[in-house]
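Values in this text are rule-based calculations from the coordinates and carry no lab data. In this text the structure is predicted, and so the values were computed from the model without any measurement. Cβ sites come from the backbone with ideal geometry, for glycine too, and all protein chains shown count toward neighbours.
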Amino acid sequence: MEDITGKRFGRLVVKEFVGRNKKYQSIYLCLCDCGNMREVKGFRLKNGETKSCGCLHKEVTSTINYKHGNCKKEKRTSEYQVWNQMIQRCHNINNKRFPHYGGRGIKVCDRWRYSFENFLEDMGKKPGKEYSIDRTDNNGNYEPGNCRWATQKEQCKNTRKNVWLECDGIKMIKVDWQRELGVSNVFIDKRLKKNIPFSEVVRQAKEYVFNKGI
């Protein structure tokens, strides 16, 4: 086990090793710059997830509230709610959606996590009420270059369950290819399972539909 006693992580300085929890994770007693003591899991210190006893988040939130006024309870903007919920599901283990986000290793980049203003600057305002934040790479983090405002219909096409297929430079999810070719899901799956190249599957589908119409 690496000895991190005396090392600094953000505002925290590790004072001593406390022991291990039921999951055999190392627990350390840390002193925060504000004077508070807090027990923290070792991996949270090393990956930068925990940088203070909690005072840093309070200060950042307080500054954000003062600067842009987006989170006053009576007039929270839609963009602020998106930002807050994004952080909660990625970094709050008590959030019911955490297993599908933070539990999968998905994080919010530091530029956005600690600054709503940066998030709003990079993303801009939502184009409309029907838009919400969407990650281009569903296994990637919430960060500039991997996020966009998208409608529910657009997001449904960008889930881990969707299978993307490409032919002649055209890339679509499988369900859109079914509509385009006029064949069933079984028709495509049966041939893909036989490792038939998708370009050949498309050719066979067109031939099948043509013969069916004769």
Would you mind putting 2-13, 39-50, 82-93 in packing order, based on average other-beta-carbon counts within 10 Å, highest first?
82-93, 39-50, 2-13
Taking R0 as 41 Å, what's the FRET efficiency between R20 and N84 from their Cβ-Cβ distance, rounded to 0.05?
0.80
Evaluate the charge dipole of the chain about its Cα centre and quote only its size in Debye, nearest 20, assuming +1 on the Cβ of each Lys and Arg and -1 on the Cβ of each Asp and Glu.
700 debye
Nearest-0.05 FRET efficiency for I173 and N211 at R0 = 30 Å, using Cβ-Cβ distance, is 0.70
Could you give the length gained by full extension between L29 and H57, i.e. 0.36 nm per residue of separation minus their alpha carbon distance, to one decimal place?
8.1 nm
Take the alpha carbon gyration tensor of segment 164-213, find the square roots of its eigenvalues, order them as a ≥ b ≥ c, and report rounded if a/c is under 1.5; if not, report prolate when a/b exceeds b/c, else oblate.
rounded
Can you tell me the order of 117-123, 192-198 when each peptide is scored by its average per-residue count of other Cβ atoms within 10 angstrom, highest first?
117-123, 192-198
Using θ = phi - 60° and the Karplus form 6.51 cos²θ - 1.76 cosθ + 1.60, what ³J(HN,Hα) does each residue of segment 13-22 get, whole Hz, x for Gly and Pro?
10, 6, 9, 6, 7, 8, x, 10, 8, 5
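Okay, helix-only estimate at 222 nm for the chain: each DSSP H run of n ≥ 4 adds -39500 (n - 2.57), divide by all residues, round to 500 deg cm²/dmol; what do you get?
Working: 9 runs with 83 residues, N = 214.
After summing the helix terms and dividing by residue count, I get -11000 deg cm²/dmol.
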